[in-house]
Amino acid sequence: MKTKDHMYRIEKYSNIHCLIVFLFIVFWSYAQESNENVSPKKYIAYFTDQSIDVNGNESEESWKKVKATEHFIDIEGVKTPKYKTSVKMLWNEEYVYFLAKMEEPHVWGNLKQRDTIIFYNNDFEIFIDPDNDTHNYYEFEINALNTLWDLFITKPYREGTPVLNDWDANGLKSAVQINGTLNDPTDIDKGWTLEVAIPFKVFRTSYYHKNVPRDTFWRVNFSRVNWDFQLEQNRYQRKKNQQGKFESEYNWVWSPMGVINMHRPEDWGYVYFSSKKTGEQDEFELPQDHRVKQYLYMLYRKQKEFYKKNNRWGTTFEEISSNHLEIEGNRLIRNLENHQTGFNITVVSPFTNRLFIIKEDGKIVEKED
């Protein structure tokens, strides 16, 4: 759960199990655009009818039949991490499964309480937005001790909304296998493997919601947090600089974000849940309207930047410095409308003729034109 300079932090009092959220709008995120050369990754999760024993091992034949993702890249999409990370996915009618493999010469962890700030240890993180609207999404963080932090996030942190830290992913199963020795600085480890099963019912929006994603996609990303360490009384600790402050962590991800901020669901990867079984082959291409939504988020960020400078919303596209009128050579029909509580920016897709509206809180509404 990373944003630049750790602007967003959540702490939980263990004695009263009470959430304290201190969230501020990250002004830099409005001005900083994503790297235009970064495009979302895609992955096909195949169906399995085999029983999966969540034990941290890749023992089932289904795991052996599916490919892993590409090795992770630095969050900005530029640097190659010093340790390799990859993920596999499967699904059946009840669960979505994840298997993450992480190279690590020193496997360590000291956080054992659920819902504490797990990324203060090296960890693995799963981000899921089932309906691709950037709101009401999920985050799961797990360290090498198999300690879980699960969160439900109503809106990205840029909107200053609270996080539901007391939300629980009931029925989630996870297991860790360590190729080496945990918390032993006297030897060199090879790494650790994390296996996770999350019930689809966790993502239901109502009791009768049929949400098993057969032959459709979710927006998903994975992040691995890795810290340089120091030893204190022969125990691993996050490394500090000469001023006594913790050095910055490394953020390694599957689908690069272009900026140091995981909480931009519009930039996550695409996972397609194929009804074909493991061992079979399927194909998936990014939806054409992905480009339309990315264009809308560009306008959204420019409006936010304009408001920061002028204390009002821009009323024309010329004011917010956006004269770009085409996507892949297709001319856009667009409209900017302000109202008492914000704005609506509307674009008609040149690919599907669907109407897309982005609101001041970043939520996209999709309609038939």
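The values are calculated or read from the model by the stated rules, or taken from the named source; none is laboratory data. What you are looking at is a predicted structure, and each value in this text was computed from that prediction instead of being measured. In this analysis, Cβ positions are derived from the backbone assuming ideal geometry, glycine residues included, and neighbour counts consider all displayed protein chains.
Summary of values
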{"item": "Pairs with Cβ under 9 Å, 6+ apart, first in region 126-140 and within 13 Å of Asp150 (Cα to Cα), second basic (Lys, Arg) and part of a strand (DSSP E or B)", "result": "Phe127/Arg219; Ile128/Arg219; Tyr137/Arg219"}
{"item": "Residue in region 213-229 that is aliphatic (A, V, I, L, M) and either in contact with a strand residue (DSSP E or B) (Cβ under 7 Å, 6 or more places away or on another chain) or assigned to a strand (DSSP E or B) (or both) present", "result": "yes"}
{"item": "Any hit, region 277-300, residues being farther than 18 Å from Thr134 by Cα and either among the β-branched types (Val, Ile, Thr) or part of a strand (DSSP E or B) (or both)", "result": "yes"}
{"item": "Test: residue in region 267-276 that is surrounded by fewer than 15 Cβ atoms within 10 Å (Cβ to Cβ) and free of Cβ contacts under 8 Å to residues at least 60 places away in the same chain", "result": "no"}
{"item": "Matching entry among Asp168, Asp129 (being assigned by TED's automatic domain parsing to the domain that holds Phe222, among the acidic types (Asp, Glu) and surrounded by 19 or more Cβ atoms within 10 Å (Cβ to Cβ))", "result": "Asp129"}
{"item": "Qualifying residue in region 188-199 (condition: in the same structural domain as Tyr97 (by TED's automatic domain parsing), free of Cβ contacts under 8 Å to residues at least 40 places away in the same chain and not in a helix (DSSP H, G or I))", "result": "no"}
{"item": "Residue that is nearest to Gln288 (Cα to Cα) [pool: residues in region 310-342 that are exposed (fewer than 10 other Cβ atoms within 10 Å of the Cβ) and within 30 Å of the chain's Cα centre (by Cα)]", "result": "Glu328"}
{"item": "Residues of region 297-309 classified as within 26 Å of the chain's Cα centre (by Cα) and free of Cβ contacts under 8 Å to residues at least 60 places away in the same chain, total", "result": "3"}
{"item": "From the options Lys101, Lys112, Lys88, residue that is farther than 19 Å from Tyr272 by Cα, in contact (Cβ under 8 Å) with a residue 24 or more places away in the chain and assigned to a strand (DSSP E or B)", "result": "Lys101"}
{"item": "Restricting region 42-55 to residues that are surrounded by 19 or more Cβ atoms within 10 Å (Cβ to Cβ) and not hydrophobic (A, V, I, L, M, F, W, C), the residue that is nearest to Asn92 (Cα to Cα)", "result": "Thr48"}
{"item": "Residue among Arg219, Arg235 that is within 17 Å of the chain's Cα centre (by Cα) and at negative phi", "result": "Arg219"}
{"item": "Subset of region 236-261 [of a type in the set (A, V, I, L, M, F, W, C) and either assigned to a loop (DSSP other than H, G, I, E, B) or not assigned by TED's automatic domain parsing to the domain that holds Phe222 (or both)]", "result": "Trp254, Met257, Val259, Ile260"}
{"item": "Inter-residue pairs, beta-carbon under 9 Å, first farther than 13 Å from Thr116 by Cβ and in region 144-165, second assigned to a loop (DSSP other than H, G, I, E, B) and aromatic (Phe, Trp, Tyr), 6+ apart", "result": "Ala144/Trp108; Phe152/Trp167; Tyr157/Tyr8; Tyr157/Phe24; Gly160/Phe24; Val163/Tyr8"}
{"item": "Residue under evaluation Pro185, criteria (1) surrounded by 14 or more Cβ atoms within 10 Å (Cβ to Cβ); (2) more than 21 Å from the chain's Cα centre (by Cα), criterion not met", "result": "(1)"}
